[in-house]
Structures are given as structure tokens and as C-alpha cells.
1. Does at least one position in the range 4-14 carry a residue that is under 25 Å from Pro89 (Cα atoms) and either away from the ligand (no atom under 16 Å from the Cβ) or in contact (Cβ under 8 Å) with a residue 24 or more places away in the chain (or both)?
2. Please go through the range 1-13 and give me each residue that is within 19 Å of Glu162 (Cα to Cα), charged (D, E, K, R) and not in a loop (DSSP other than H, G, I, E, B), ordered by number.
3. Which condition does Leu16 not pass, out of (1) touching a Pro at 6+ places or on another chain (Cβ under 9 Å); (2) buried (at least 21 other Cβ atoms within 10 Å of the Cβ); (3) in a strand (DSSP E or B), if it passes all the others?
4. Which of (1) at negative phi; (2) within 11 Å of the ligand (Cβ to nearest atom); (3) touching a helix residue (DSSP H, G or I) at 6+ places or on another chain (Cβ under 9 Å) does Gly78 not meet, given it meets every other one?
5. Take residues that are more than 10 Å from the ligand (Cβ to nearest atom), of a type outside the set (Gly, Ala, Ser) and under 16 Å from the mean Cα position of the chain (by Cα) and tell me which of the strands (runs of 3 or more DSSP E) falling wholly in the range 82-179 contain 2 or more.
6. Please identify the pairs in which a residue from the range 26-52 that is assigned to a helix (DSSP H, G or I) has its Cβ atom under 6 Å from the Cβ atom of a residue that is surrounded by fewer than 20 Cβ atoms within 10 Å (Cβ to Cβ) and not hydrophobic (A, V, I, L, M, F, W, C), counting only partners at least 6 apart or on another chain.
7. Based on this model, can you work out whether Gly78 counts as surrounded by fewer than 17 Cβ atoms within 10 Å (Cβ to Cβ), in contact with a Leu (Cβ under 9 Å, 6 or more places away or on another chain), under 30 Å from Ala133 (Cβ atoms) and at pLDDT 95 or above?
8. Among the residues of the range 81-134, how many are acidic (Asp, Glu), surrounded by fewer than 18 Cβ atoms within 10 Å (Cβ to Cβ) and within 17 Å of Phe46 (Cα to Cα)?
Amino acid sequence: MQPERDVDVLFSEATLAARVRELGAAIACDYSGKDLLLISVLKGSFVFTADLARAISVPLALEFLGLKSYGGEQSSTGVVQITSDLTRPIEGRDVLIVEDIVDTGLTMQYLQKNLATRNPRSLKLCTLLNKPARARVATTIDYLGFTIEDVFVVGYGLDWDERYRNLPYLGVVRQQGEV
Ligand code: IMP
């Protein structure tokens, strides 16, 4: 796929695939013999989840949870709404949240607290990206793809106003006026 004219490539398809394979191998090793349940946070992590799940060689189950974080176009306020909840209880399961990006950390803080009240046996977090420069709360990340600078990224499931989710790579949208 040709890069969009206004998006600079940050991580290519090949770079993403290699890192996702590594994450999958680490997760498979840690969850061998356990009751692994991936919870994919929609919409942003749908592509990452599809690739990660196939890179994990131990049995697992999959659930999706829709979240909407309120805020400006590019930042969250910590006001989070569950737009689509899990279909089953998670009590006693080894839950691994699969998220696209931890930015301020407010969305994950909300979700981790919410899921903890449902009594999983364990609750961990795998995020493709972390933007520590914007952290407003500390987030414990168990599996991390990449740490990135304070830039707004799109592609590989992530959007800007619902655009760019289908790009197979991760990129940075060039601001108007930049060449
Ligand atoms: P947080 O609550 O600030 O950590 O924001 C988490 C959510 O904001 C993520 O799950 C994304 O949906 C969205 N988000 C934060 N940074 C970016 C970005 O650089 N690109 C696309 N979405 C982002």
C-alpha cells in the first residue's frame, strides 16, 4: 500500500509484524497452562488484536469491549463510557487487556479498575504503544510494543476522527503547511 500523502511512516508493516511476533511469543510462554482471555479494547486495537492473537501459540479465548473516551479531538479527559460490554463473566480467568495506546493513562485507569471488580484470577495489560510524555497517571504495562514520542499516530487500527484505521503501517499525520 502506498503511504497516504499526508502521513509519514513511523513503523512499517514489517517492523510491526516483527514486534507483534515477539510479544506473542512472550505471552505464550507466560500463559502456558493458564486460562488466557484476551480482552480487545475497541475500536483502536482491532488490528493489533487480530495479529497478536495469531502470534500466541497457546489456547486462548477472546472478548471485545467497546470504550469511548471523551475529550478534544486528540486527547482524553478521563471520562470513559463502555459502549459495548463483555458478553460473559471474567471471574477466575487470566485476563490480558489488549490496547492500542496508553496516552494520558486515564482510559486504562478506568478500565483496569472496572475489570478488577469482576474478580479475574489475574489482570494484565498488553499495549502496542505508550506515550510516557503525556502520562497523567502511572500505568503498569506488562507487555509493550513500542514507546513513542509525543506525536499523534494513526494507522494499524488507530484513527484520527475515524480516518486512517485501515493503514497497514503506523504513521504520523503531517500538520497543514508541513511539506
Ligand atoms: P488516554 O486515556 O489518554 O490514555 O487515551 C487512550 C485512548 O486515546 C486510546 O485508546 C486511543 O483511542 C486514543 N489515543 C491516544 N493517543 C492517540 C494517538 O496518538 N492516535 C490515535 N488515538 C490516540
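1. no
2. Residue satisfying the conditions is Asp8 alone.
3. Here Leu16 clears every test but (3).
4. (1)
5. By residue number, 94-102, 122-130, 143-147.
6. What qualifies is Ala28/Ser57.
7. no
8. 1
The values are calculated or read from the model by the stated rules, or taken from the named source; none is laboratory data. None of these values were measured; they are calculated from a predicted model. Heads up, the Cβs are rebuilt from the backbone with ideal geometry, glycines too, and the neighbour counts pull from every protein chain shown.
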